[in-house]
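What follows is a short report on a single structure.
No value in this document is a laboratory result; all are computed from the given coordinates. Since this is a predicted model, take the numbers as computed values, not measurements. Backbone-built Cβ (ideal geometry, glycine too); neighbour counts: all protein chains shown.
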């Protein structure tokens, strides 16, 4: 198992809070990726989500206006393109958390600490969060991650190395791990 995973000191994830004056002002933009179409959603303060088509837990967004000129959407599209082109290993995007409990947001923050080309287990991630018996709760929180690829939930595997669960589909998880050189 390639579990040479380490954590750096916990620091707050740069996630902006929604503006109180316009808490639900959101825009969408579809993009094409090698793994299928993604829907990007952003608010005034950052990227609120990136979901593959047919992804589990993907909110309805047909009612959102298109915003291809919104900075956060353009920046996300560019960085996702660079990632799939092999030119980017980390994302530098302002994220706007519009959903998720405090616990889920802690899990999503911890996911961002998993380096490109490395993986960890649900149990190791739970232990990092000081929840030694919390692997299942961590897995459920990971499944609700609103930023596919950007917040790398695909880098979490079962303790025995098995590829379990991915809201975007196990085929995409396999493809993402291959892309990062973790599977042959």
Cα extents of segment 32-184 per principal axis, largest first, Å, are 43, 35, 26
Expected unfolding gain across residue 82-residue 174 under the 0.36 nm per residue rule, minus the alpha-carbon gap, is 31.2 nm
With Cα coordinates, the longest principal axis of the chain makes an angle with the long axis of helix 170-179, in degrees rounded to 10, of 80 degrees
For segment 19-78, the percent of all C-alpha pairs falling in each 5 Å bin, from 0 up to the bin holding the max distance, is 4, 20, 31, 25, 15, 4, 1, 0
Of all DSSP beta bridges having both residues in the chain, the percent classed as antiparallel (nearest 5) is 65 percent
The percentage of Cα-Cα pairs in segment 101-179 separated by more than 20 Å is 19 percent
Distance in nm between residue 116 and residue 25 label points, each 7 Å along Cα→Cβ, equals 3.4 nm
